[in-house]
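Beneath this line is the structure, given in structure tokens, with notes to follow.
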Amino acid sequence: MLKRLSSVRYCFIRSHFYGMFLTVLILMSVLLGFYVLSEPSWLSQGSIFFFIGLFIVVSGLVSIYVGFQSSGGIKEKLDGMTTMIRALAQGSYTAKIYLNTDDEFEHIAEELNELAGKLQSQVKSLQRMADEKSEFAKTAHKAATIEERQRLARDLHDAVSQQLFALTMMAQATERLFDQDPDRAKAQLGEITSMSLQAQTEMRALLLHLRPVHLSGESLHEGIQTLIHELQEKCQIEFSVDLDDTIALSDGAEEHLFRIVQEALSNILRHAEASDVQISLKGMSDQVFLHISDNGKGFHVNQDKKTSYGLKTMQERTEEIGGTFALRSKPGEGTYIDIRIPIQEAVADE
């Protein structure tokens, strides 16, 4: 309620009430001063207060009416600008606002339209750079392959290799405990099972990154379907997939989105402990919407996002093609990723 009373319309009404209040004070001062100095017979205290009361009622009603009428046009202009800014924040850079008022509001609208045009040009430049970067990446594929193998080797050594070493040590210790302490040996067998499952999950996530960096001639929805089909054969996760096969994107944008999906699924396998994953790819108007969610254990976004290399990579890839990246997660409530990518006119026409 208090927030509503602070709107532009009520600010106008309050300003009229302030003027009315000052006018009442001046009139009362003048009439009382005239009454005290000359004491005319036709002017009494009752008539003064009756006139002041009547003036307050009439001027109050007039203030409310005039405040609503005079602020209506300004409120409509501000609402239009708010809608324009919201559209720009959501990545709709083709939005425009037109005001034929020849005042400050029209100048602000022109500045907003100019800003939208500049943002749209920057998005085109970003996507063009992404395409050029994609072509360069293809020529440098051998170097990228070597670097990826080195990274995977480090991950295998840091994660899976150490887990296997620990499993070997625990298995040997458990074997010696069977005759001496069966209960303790049984407990250690449970730990061995848990560690082996963790190593298996880590290995699947690493194998996911062994897929080609490029789509290798496949469309985006075909590449995602192939990726999910391979995962369904190897893990106990239910996938709900809704992919639009009519979306037209540049090669660079498709490869970036594919790598984002790949990275998101890798994070889910490694950390989420999820049993259900939803992936949606939709094209609406001049934008592409990618939604990825899971019912896993979730995490604290403000704490873990800063230290997560995978999340940082996904956000950087999104921004490279002019998109917006939104992440929502809480412990025990799963994780939700929403990505918007603008479709440029040249690509849409193709």
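The values are calculated or read from the model by the stated rules, or taken from the named source; none is laboratory data. Here the structure is a predicted model, which is why all the values come from computation and not from measurement. As a convention, Cβ positions derive from the backbone with ideal geometry for all residues, glycine included, and neighbour counts pool all protein chains shown. The protein model used for the area step is the full one, side chains on, heavy atoms only, and it has no ligands, DNA or RNA in it. Shrake-Rupley method; radii C 1.70, N 1.55, O 1.52, S 1.80 Å.
Report, in debye and to the nearest 20, how large the dipole of the range 47-134 comes out about its Cα centre when Lys and Arg carry +1 and Asp and Glu carry -1 on their Cβ. Spell out each step's value before the answer.
Working: 8 positive and 11 negative charges, 74 e Å.
It works out to roughly 360 debye.
What number, in nm² with one decimal, is the all-direction average of the projected area of the convex hull of the alpha-carbon atoms of the range 37-117? Please list the in-between numbers first.
On the way: hull surface 36.3 nm².
Reported value for the Cα convex hull: 9.1 nm².
So how exposed is LYS75, as accessible area in Å² (1.4 Å probe, rounded to 10)?
About 80 Å², rounded to the nearest 10.
Which of the peptides 311-324, 78-91 is most tightly packed, and how do the rest follow, going by the mean number of other Cβ atoms within 10 Å of each residue?
Values: 311-324: 18.9, 78-91: 14.2.
With the highest mean Cβ count within 10 Å placed first, the list reads 311-324, 78-91.
Using packing as a proxy for protection, rank 223-236, 328-341 so that the peptide with the highest average count of other Cβ atoms within 10 Å comes first.
Values: 223-236: 14.8, 328-341: 17.8.
The most tightly packed comes first, giving 328-341, 223-236.
Please report, in whole Å³, the volume per residue of the convex hull around the C-alpha atoms of the range 255-348. Before the final figure, lay out each step's value.
Working: hull volume 8.2 nm³, N = 94.
Here the figure is 87 Å³ per residue.
Taking a probe of 1.4 angstrom, what is the accessible area of PHE50 in Å², to the nearest 10?
140
Roll a 1.4 Å probe over the protein heavy atoms and report the accessible area of LEU25 in Å², nearest 10.
Taking all protein chains as shown, LEU25 has close to 80 Å².
For the full complex of protein chains and a 1.4 angstrom probe, list PHE34, PHE21 by accessible area with the highest value first.
Details: PHE34 95, PHE21 120 Å².
The ordering from most to least exposed comes out as PHE21, PHE34.
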